[in-house]
Amino acid sequence: MADPGKHAPSPAHQQQDAREEHPAYPVGLRLAGRRVVVLGGGQVAQRRLPALIAAGADITLISPSATPSVEAMAETGEITWTRRRYQDGDIADAWYALVATSDPVANETASAEAERTKTWCVRSDDAEAATAWTPATGRSEGVTVAVLTGRDPRRSAAVRDAIVEGLRDGSLAAPHSRDRTPFVALVGGGPGDPDLITVRGRRLLAEADVVIADRLGPRDLLDELPPHVEVIDAAKIPYGRFMAQEAINNALVEHAKAGRSVVRLKGGDPFVFGRGMEEAQALAEAGIACTVVPGISSSISVPGAAGIPVTHRGVAHEFTVVSGHVAPDDPRSLVDWESLAKLTGTLVILMGVDKVGAIAEALVAHGKAPDTPLALVQEGTTAAQRRVDATLATVAETVRAQDVRPPAVIVVGDVVAEGPHK
């Protein structure tokens, strides 16, 4: 008769089987002011300590040596460093332990002590023998993301990165449901390519109730907004064919006072010929605070996208950005074209396509060489981008012949000849 206990698994094996059979139970440890012991001062400790410090833990590091970064944490008082090897009893009274020495025997002994004292313990050398695992973590705007995939830490990190990136750039919508504070944000959307809006701008856009958008903003992003978001085209609401600035200001104030989260989505940067300050002032006069989110200005990004550096060693040590929406001979013009003609650097002109002939004449009249290279970059950074090259002497005819239309950035200077023609 067979012995029924002969092949029965030992208690240790039963415990191991149970751990493998059941997934880890996720929990967030609140370690502020509580004792945490870290054994080993190497690379593992260097990676894990910042999060423990951020959690406010009372950290004791036990290790005869440490990396320079870990040593710096001790020198600044962020951790307490006991410079010796692990000894039995070191984990007593700890709420949490990280075992990461290079000595397998010490790791095993410390792990056994943690088991006896019922201290949750992470082991860097043997995850299966640990009572706790460190998830791949990331943070974005008050949200902590922690991912566990068992024995595949690389996948954990990849999932973590995808979630955090989605929260940061707004592609992963996670609206607030409690204590949500309405906001007004003047967001620079960049030159047109939706990928060139800032991470913060995209996140605020994803949280908006109302978006008041310019024609030159990154329009493709509007398609990604949830159905409940009210999108107002600043050029098409009932205030005439083009929305007057006063009407835009009134719309911002009206929606903000109604308790809505409002994004004013503008092309480029709000404060670079974007009239953003007028909107900020109108909100301030109404007692409404606003956040200004800088954007990538088309004055730099569009030439760059067309292969033109606005500065280049040995060619241009300066660049000047001016508005060309008013002709040089117009009494309303605030631009000193005579001084600009004397500069040796790069001149970038925005909103000047229809005035480019008069601008070129003024620059030449004030001493700029007629053969100075010039490029017009239309619809920069978008799929419709095109570059047209000319000189100050030929630009007026070139614009007519090539049918160059706004929006286009005009670049004047020797840097035009440096970049590859596209």
Complete set of residues in region 107-128 that are within 18 Å of Ser63 (Cβ to Cβ), of a type outside the set (Ser, Thr, Tyr) and open to solvent by 20 Å² or more (accessible area, probe 1.4 Å): Glu108, Asp125
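Quick grid of which residues meet (1) under 25 Å from Glu379 (Cβ atoms); (2) at pLDDT 90 or above; (3) of a type outside the set (A, V, I, L, M); (4) assigned to a loop (DSSP other than H, G, I, E, B):
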| site | (1), (2), (3), (4) |
| --- | --- |
| Leu172 | no, no, no, yes |
| Pro175 | no, no, yes, yes |
| Val187 | yes, yes, no, no |
| Gly201 | yes, yes, yes, no |
| Leu216 | yes, no, no, yes |
| Ile237 | yes, no, no, yes |
| Ala256 | no, yes, no, no |
| Val263 | yes, yes, no, no |
Somewhere in region 193-204, is a residue open to solvent by less than 10 Å² (accessible area, probe 1.4 Å) and of a type in the set (A, V, I, L, M, F, W, C)? no
Checked pairs for region 197-208, first free of Cβ contacts under 8 Å to residues at least 40 places away in the same chain, second surrounded by 22 or more Cβ atoms within 10 Å (Cβ to Cβ), C-beta under 6 Å and 6 or more apart or across chains, list as Arg202/Gly170; Ala206/Gly170
Cβ-Cβ distance below 9 Å, separation of 6 or more or different chains: which pairs start in region 281-292 with a residue that is in contact (Cβ under 8 Å) with a residue 60 or more places away in the chain and end on one that is part of a loop (DSSP other than H, G, I, E, B)? Leu283/Ala289; Leu283/Cys290; Ala289/Phe183; Cys290/Phe183; Thr291/Phe183; Val292/Pro270; Val292/Phe271
Residues being under 18 Å from Val310 (Cα atoms), touching a helix residue (DSSP H, G or I) at 6+ places or on another chain (Cβ under 7 Å) and open to solvent by 60 Å² or more (accessible area, probe 1.4 Å): count how many of those fall in region 378-422. 0
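Can you name the strands (runs of 3 or more DSSP E) wholly within region 53-100 that have at least 1 residues being open to solvent by 20 Å² or more (accessible area, probe 1.4 Å) and closer than 16 Å to Trp120 by Cα?
On the way: elements: 58-62, 80-82, 96-99.
Once the strands (runs of 3 or more DSSP E) in region 53-100 are filtered for at least 1 residues that are open to solvent by 20 Å² or more (accessible area, probe 1.4 Å) and closer than 16 Å to Trp120 by Cα, what remains is 58-62, 96-99.
Among the candidates Glu224, Glu230, single out the residue that is open to solvent by 30 Å² or more (accessible area, probe 1.4 Å), out of contact with any Cys (no Cβ under 8 Å at 6 or more places or on another chain), more than 25 Å from Pro406 (Cβ to Cβ) and at pLDDT 90 or above.
Numbers: Glu224 fails: at pLDDT 90 or above.
Of the residues listed, the single one that is open to solvent by 30 Å² or more (accessible area, probe 1.4 Å), out of contact with any Cys (no Cβ under 8 Å at 6 or more places or on another chain), more than 25 Å from Pro406 (Cβ to Cβ) and at pLDDT 90 or above is Glu230.
The values are calculated or read from the model by the stated rules, or taken from the named source; none is laboratory data. None of these values were measured; they are calculated from a predicted model. Cβ: placed from backbone, ideal geometry, glycine included. Neighbour counts: every protein chain shown. Please note that ligands, DNA and RNA were not included when accessible areas were found on the heavy atoms of the full protein model with its side chains. Shrake-Rupley method; radii C 1.70, N 1.55, O 1.52, S 1.80 Å.
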